[in-house]
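Below: the structure, in structure tokens.
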Amino acid sequence: MFLIYTGFDSLATFGNNALLIKQLGILYHYDSLSKGLIDSRDVVYFVSITAFILVATRTVIGSRQW
């Protein structure tokens, strides 16, 4: 999670698509939410990240043989 939080901001300094890379990170979406601005794009971002992490966790736990 730390890499998602700060990693995309660090990568945004390199390359031509800096804004696109920065928008993939949590910090970009969290900044507007911390100001009290609730935008549907930010909510969709956090819901999709949460869903992805839950599906990945379910897949990893389901693949283990107990």
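The values are calculated or read from the model by the stated rules, or taken from the named source; none is laboratory data. This is a predicted model, so every value here is computed, not measured. With ideal geometry, Cβ positions are generated from the backbone for all residues, glycine too; neighbour counts draw on all protein chains shown.
Tell me, yes or no, whether the stretch 41-48 has at least one residue that is over 13 Å from the mean Cα position of the chain (by Cα), exposed (fewer than 12 other Cβ atoms within 10 Å of the Cβ) and among the charged types (D, E, K, R).
No, the stretch 41-48 contains no residue that is over 13 Å from the mean Cα position of the chain (by Cα), exposed (fewer than 12 other Cβ atoms within 10 Å of the Cβ) and among the charged types (D, E, K, R).
Can you tell me how many residues within the stretch 7-36 are exposed (fewer than 10 other Cβ atoms within 10 Å of the Cβ) and either among the small types (Gly, Ala, Ser) or at pLDDT below 90 (or both)?
Residues that pass the stated criteria total 7.
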